[in-house]
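Read through the structure below, which is laid out as structure tokens, and then see the notes.
The values are calculated or read from the model by the stated rules, or taken from the named source; none is laboratory data. Computed from a predicted model, the values in this text were never measured in an experiment. Cβ coordinates were reconstructed from backbone atoms using ideal geometry, including for glycine residues, and neighbour counts include every protein chain displayed. Protein only, heavy atoms only, side chains kept; ligands, DNA and RNA dropped before computing areas. Shrake-Rupley method; radii C 1.70, N 1.55, O 1.52, S 1.80 Å.
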Amino acid sequence: MKILNIKKNKTNLFEINPAKLRKTLQAKKMYSIENVEILRILPNTLRFDIVERIPRALLYTKKSNLIVDKNGILLNKKYCIN
């Protein structure tokens, strides 16, 4: 909600564009989101189905902040694993 600037009980569900929200989440490369589907369920629900990227390897050393998923996509460790 914070990333998308959605406020519980304040944001109008009909003003939300699910396609735009999806693009916003997928554009944030720092987050480990591989795919997301957003559904508007009336009268008052947004449903997010999120597939996360699974880290497969550290780059360089254990202290590196860079990791790679199975598709070779670089991720920042601090946003996807402890």
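Taking R0 as 22 Å, what's the FRET efficiency between A27 and L58 from their Cβ-Cβ distance, rounded to 0.05? Efficiency, rounded to the nearest 0.05: 0.35.
Return the FRET efficiency for the residue pair N5, V68: r is the Cβ-Cβ distance, R0 is 25 Å, and the value is rounded to the nearest 0.05. The computed FRET efficiency comes out at 0.25. Taking 20 Å as the straight-line reach from the Cα of K7, the aspartates and glutamates in range (excluding those fewer than 8 positions away in the same chain) are E15, E37, D49. Helix 18-27 and the long axis of the chain differ in direction by around 20°, with both axes built from C-alpha atoms.
Provide L75, L58 ordered by accessible surface of protein heavy atoms (probe 1.4 Å), highest first.
L58, L75
Based on C-alpha pairs under 8 angstrom that are at least 6 apart in sequence, the chain has a relative contact order of 21 percent. Within a straight-line Cα-Cα reach of under 25 Å, K2 can be paired with the following lysines, leaving aside sequence neighbours fewer than 8 residues apart in one chain: K10, K20, K23, K28, K29, K77, K78. The charge dipole of the chain, taken about its Cα centre with unit charges on the Cβ atoms of Lys, Arg (+1), Asp and Glu (-1) only, comes to about 340 debye.
Amide H to amide H distances under 5 Å link I33 with R53, where only residues 5 or more positions off or on other chains count and H is placed in the peptide plane.
Ranking of V36, V51, V68 by solvent-accessible surface, largest first: V51, V68, V36 (1.4 Å probe, protein heavy atoms only, all chains present). When log10 I(q)/I(0) by the Debye sum over Cα atoms at q = 0.15, 0.17, 0.24 Å⁻¹ is computed from the coordinates, the matching label among (1) -0.63, -0.80, -1.34; (2) -0.58, -0.73, -1.27; (3) -0.62, -0.73, -1.11 is (3). Ordering N12, Y79, T45 by Cα displacement along the dipole of the chain toward the positive end leaves Y79 in first place; charges were set at the Cβ atoms of Lys, Arg (+1) and Asp, Glu (-1).
Counting only heavy atoms of the protein chains and using a 1.4 Å probe, T61 has close to 80 Å² of accessible surface. Specify the residue with the greatest mean-square fluctuation among I16, I41, I50, computed from a Gaussian network of the chain linking alpha-carbon atoms under 10 Å apart. Of I16, I41, I50, the Gaussian network model singles out I41 as fluctuating most.
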